[in-house]
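Enquirer: What follows is a single structure, and I will ask about it in a moment.
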Ligand code: MN
């Protein structure tokens with residue numbers, strides 16, 4: 001059995017090419033074939049977020065701490081609180097990140113497709129799109 005011990009894999013800063021603001025990533029797993037699993041614990045500073053992107057077989061976001069935001073293109077911005085799980089459908093443009101005034105950490109889980117393809121990245125999320133009033137929490 002492999003155990004990746006805490007503290008043995010350095011935290012990485014997410015690339016400015018695909019993120020706005022300071023975003024820190026702790027790797028959880030990059031599965032070895034036949035596994036297609038990918039999981040990362042992602043820490044967003046206030047106002048930080050991903051660029052618009054999509055995942056070939058979707059993504060699951062599990063909110064760990066703080067207050068977050070997530071939006072599927074064409075739908076309202078949604079608030080995420082610790083314990084919430086957001087299901088991102090396959091090949092659907094979306095973004096996720098922190099609230100404007102709060103840290104946010106989520107566990108991001110996805111799988112590559114049968115061609116080995118992962119995340120497709122698009123343009124950054126504008127301040128205007130990021131700042132839209134989120135939907136009330138049901
Ligand atoms: Mn995503």
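The numbers here are math on the coordinates, done by the rules we state, and not lab data. Predicted model only: the values in this text are computed from it and were never measured. No Cβ is skipped: glycine too gets one built from the backbone with ideal geometry, and neighbour counts run over all protein chains shown.
Enquirer: Could you give the spread of the C-alpha atoms of the chain along their three principal axes, from largest to smallest, in whole angstroms?
Expert: 46, 32, 31
Enquirer: Just from its helices, what would the mean residue ellipticity at 222 nm be for the chain, if runs of 4 or more DSSP H residues each count -39500 (n - 2.57) and the sum is divided by every residue, rounded to the nearest 500 deg cm²/dmol? It would help to have the intermediate numbers written out before the result.
Expert: Numbers: 1 runs with 4 residues, N = 138.
Result for the chain: -500 deg cm²/dmol, rounded to the nearest 500.
Enquirer: Another one. Points 7 angstrom from Cα along the Cβ direction at residue 57 and residue 29: gap in nanometres?
Expert: 1.3
Enquirer: I would also like to ask the following. Could you work out how far apart the two model spin labels at residue 126 and residue 6 are, taking each label as a point 7 Å from the Cα in the direction of the beta carbon, and quote it in nm?
Expert: About 4.3 nm separates the two model spin labels.
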